[in-house]
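Written below as structure tokens is the structure these notes are about.
The values are calculated or read from the model by the stated rules, or taken from the named source; none is laboratory data. Quick caveat, the model's predicted, so the values are computed rather than measured. Reconstructed Cβ throughout: ideal geometry from the backbone, glycine too, with neighbour counts over all protein chains shown. These accessible areas exclude ligands, DNA and RNA; they are computed on the full protein's heavy atoms, side chains included. Shrake-Rupley method; radii C 1.70, N 1.55, O 1.52, S 1.80 Å.
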Amino acid sequence: MGRELELGELSHSLTLPDRRLLTLVGPGGIGKTRLSLEAARRALTAGAFPDGVFFVGLEALREADEVPGAIADTLALEVPDAGKALGSVREELGSKHVLLVLDNVEQLSGVNEPISSLLESCPHLTVLVTSRHRLSAANEWVVALSGLTFPDASLSAQEAALFDAPRLFQQRARQAGLRIDLERELDHVLRLCRLLEGAPLGLELAATWTQLLSCGEIADEVERSYDILGSGEGRDAERQGSLRAVFSHSWSLLSPAEQRALRRLSLARGGFTRDLAREIADCDLQTLLSLAGKSLIERGGAGRFRVLEVTREYALERLREDPEDLRDARRRHVRHFVALAQDGESGLRGDRQVEWLERLGGERDNLRAALEYCLDDDDAEPGLRIAASLQMFWWIRGAYREGLERTEAQLARAEGRVVAPYVRAKALHRAGTLAQELGEYSRARALYEEALAIAEECENPQLRADALHSLGLLASKRGEIDRAAAFYEQCLELQRVLGDNWGLSATLNNMGVNLLHGGHFEKARGLLLESLQHKQAMGEKQGIAYAQHNLGTACYALGELDGSQEYVERSMALKRELADEQALSTSFSTLGRIALRRGRHELARERLGAALAQLAKVENRWTFTTELTAAVGLEVASGHPDAALRLIGFVKASCRSMEMRLPRLSAQELEEGRRRALERIDRQAAERLLEEGKGMTLGELAAIVAGAEDSMEHRSLLTTSRTDLTST
């Protein structure tokens, strides 16, 4: 039956003399009855209760005063008057060493009284209760039961079969007459386990459908509705019937306030905080405690709670039955996350950046849900506010595509609706920044220019400065160095008037980067140092990390390899703290350049391969292209001119498609690599290789640099040790 850990804990507790009232707590269908029976069987076999073990099913009872009679019936006592049943049981058990298992007591208000009376009168009696909520008795010991264990998708079928949930599903499917090929069906079986959170009843009912449907089809049906899990066979089916019956029974035991709270909390995705519970459900601590005690919510880490998924789906159905209640709850949910996203945007620009990255990351599913709810509401402004405020979070996390799609969905929803011009302009600008990171420059420029036009029309200097800054960044990437500088100068003037220190520091940094692109390395270093000083004064870790990296690039271009490595390694320490993998990739690339210049080709390949694999994953096409040029020289130096020419073919095609011009350093690397490669390969073969490179994917190119298609598949930039970094 599995559950060896829980069974061991329960069996051990039954041997302790101070634990005479044990309550096995868990939601319906979780396997409480089966576990209590197995624990009782083991106790009987071990001789822990020489005078007997007795199982008393109470699911049919509705009043607590009926409990003594049910126990008397189990003990085969003749009790002519029901009112005297408790006395007869006390007399029968007396000083005997007995275990009583009382199954399903949650519906019996006041059940503590007869249980406490028996325990007081019978000094060697132990009572094991199964319930959907704790009894809250003074002498009660609680054993909480959750779903069966299941692994993540990274394990093999053989390893997954060691976990209780997939093993139970496989066993029940075989009992139904079908042999499950766990290796072939593993993804779908584990998806079922996740959907049902390892609930044994749900898994058993799902397994009966293997006679008709594939595991993938069963999982698809369960995702749509739990109605497919509406029948079963055997004693459990007679008692519980279906998951829906389990939920309905649990629901009927809740107070109106608890039902309202659970309905509204079903809107939360990925858990919720006390603040969110209060906001959307007027839910106080006492209500949360009551729901937790009834195994309907559970506490997670960092002060978070969650509604068990199978319960959440049922509660959400009940919420949808009242459209007005649903509408109000959604608006409250959205209002909460508008405030959180806006606070997070400010928090990401200061010395609490790491804290806010973790906080927003913890609410990622709820933020996504809030954006979805906004698409169904007549008020388009909240969705624009959330999306615009999340741009920096998406950017640091490398989620450019998701951020752009969600922001543009909100912009489309706002078409023709009344929205504050500032709100729309800000969302347009933020969408442009995400499009730019994806290398979609024409799209980005159109979004920036529309944002700038609105900013000028409504005379908003902050928005105007933001749009000018981004147009400068776009011009710099397109190789328009002088035009970019003009945009930055206009932006800088506005930021000084506004006292926008964060924006000013970012503009100084990007002015320095623009000079790097143009080959003015010493002049760039001066601006980057000024930017770094501003960032350090604010304590803004991401800005410090980026300025340090850019200073490392300037030192490298000037031939100062030791200074370059020192700046880059300082930068990487902060980037790891921020979990900024896409920024770490550029640092790895610079370390790869340093290793290559020092003749350490194997180390250079390791670092460049890791960098490009990460950039390919987040689809940062511009940075991928500029960093790929370093690998051209590596391939030539390693005796692979054919690979070098494929990389060159891609870089040239990428520059044409994005209308970009390579920074001076990258252009020099590309030209030197092309010249050396052509010395070793005839022109006809070279043309063929260049053509092949044009059609290659980012992943294929990263695999070439890594030296093997799968060598970087599981590499994490966050877990590489400092020893690895400093070994040049």
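Miscellaneous remarks
- Pair list, Cβ < 9 Å and 6+ apart or interchain, from segment 421-434 residues that are within 14 Å of Trp394 (Cα to Cα) to residues that are open to solvent by less than 10 Å² (accessible area, probe 1.4 Å) and of a type in the set (Val, Ile, Thr): Ala427/Thr407; Arg430/Thr407; Ala431/Thr407; Leu434/Thr407
- Unmet criterion (only one of (1) in contact with a strand residue (DSSP E or B) (Cβ under 7 Å, 6 or more places away or on another chain); (2) closer than 25 Å to Gly110 by Cβ; (3) open to solvent by 10 Å² or more (accessible area, probe 1.4 Å)) for Gly26: (3)
- Each residue in segment 114-153 was checked for being under 25 Å from Leu254 (Cβ atoms) and either in a loop (DSSP other than H, G, I, E, B) or of a type in the set (Asp, Glu) (or both), and 11 of them qualify.
- Inside segment 329-382, residues that are crowded, with 19+ Cβ neighbours inside 10 Å and in contact with a Ser or Thr (Cβ under 7 Å, 6 or more places away or on another chain) make up a count of 3.
- Verdict on Glu459 being within 24 Å of Glu493 (Cα to Cα), open to solvent by 60 Å² or more (accessible area, probe 1.4 Å) and modelled with pLDDT under 95: yes
- Residues of segment 114-123 that are over 14 Å from Ala72 (Cα atoms) and crowded, with 19+ Cβ neighbours inside 10 Å: Cys122 alone.
- A Cβ distance below 9 Å, combined with a sequence gap of six or more or placement on separate chains, defines the contacts here; from segment 442-466, residues that are more than 19 Å from Asn510 (Cβ to Cβ) reach residues that are surrounded by fewer than 22 Cβ atoms within 10 Å (Cβ to Cβ) and acidic (Asp, Glu) in the pairs Ser442/Glu659.
- For segment 550-561, filtered to residues that are assigned to a helix (DSSP H, G or I) and open to solvent by 20 Å² or more (accessible area, probe 1.4 Å), the residue that is nearest to Leu665 (Cα to Cα) is Ala557.
- Counted residues, segment 412-442 - those being surrounded by fewer than 22 Cβ atoms within 10 Å (Cβ to Cβ), basic (Lys, Arg) and in contact with a Leu (Cβ under 9 Å, 6 or more places away or on another chain): 1
- Unique residue being exposed (fewer than 12 other Cβ atoms within 10 Å of the Cβ) and either outside any loop (DSSP other than H, G, I, E, B) or of a type in the set (Gly, Ala, Ser) (or both) when the list is Leu5, Leu16, Leu44: Leu5
- When residues of segment 568-603 are limited to those that are assigned to a loop (DSSP other than H, G, I, E, B) and within 34 Å of the chain's Cα centre (by Cα), the one surrounded by the most Cβ atoms within 10 Å (Cβ to Cβ): Asp580
- Long-range neighbours under 8 Å by Cβ, at least six apart or interchain, first residue of a type in the set (Gly, Ala, Ser) within segment 399-413, second not in a helix (DSSP H, G or I): Gly403/Leu390; Ala409/Leu375
- Segment 195-215 residues that are under 14 Å from Glu185 (Cβ atoms), paired with ones that are acidic (Asp, Glu) (beta carbon under 8 Å, 6 or more apart): Trp209/Glu221; Leu213/Glu221; Ser214/Glu185; Cys215/Glu185
- Hey, Val705 within 21 Å of Ala595 (Cβ to Cβ) and at pLDDT below 95 or not: yes
- Hits in segment 124-149 - residues which are open to solvent by 30 Å² or more (accessible area, probe 1.4 Å) and aliphatic (A, V, I, L, M): Ala138, Val142, Ala144
- Complete set of residues in segment 86-113 that are surrounded by 22 or more Cβ atoms within 10 Å (Cβ to Cβ), part of a helix (DSSP H, G or I) and out of contact with any His (no Cβ under 9 Å at 6 or more places or on another chain): Val89
- Complete set of residues in segment 67-82 that are open to solvent by 70 Å² or more (accessible area, probe 1.4 Å), of a type in the set (Gly, Ala, Ser) and part of a helix (DSSP H, G or I): Ala82
- Counting only residues that are among the aromatic types (Phe, Trp, Tyr) and modelled with pLDDT under 95, segment 321-372 holds 1 of them.
- Here segment 276-328 is the region considered, the condition is being closer than 21 Å to Glu106 by Cβ and without any contact (Cβ under 8 Å) to a residue 12 or more places away in the chain, and the residue that is surrounded by the fewest Cβ atoms within 10 Å (Cβ to Cβ) is Gln286.
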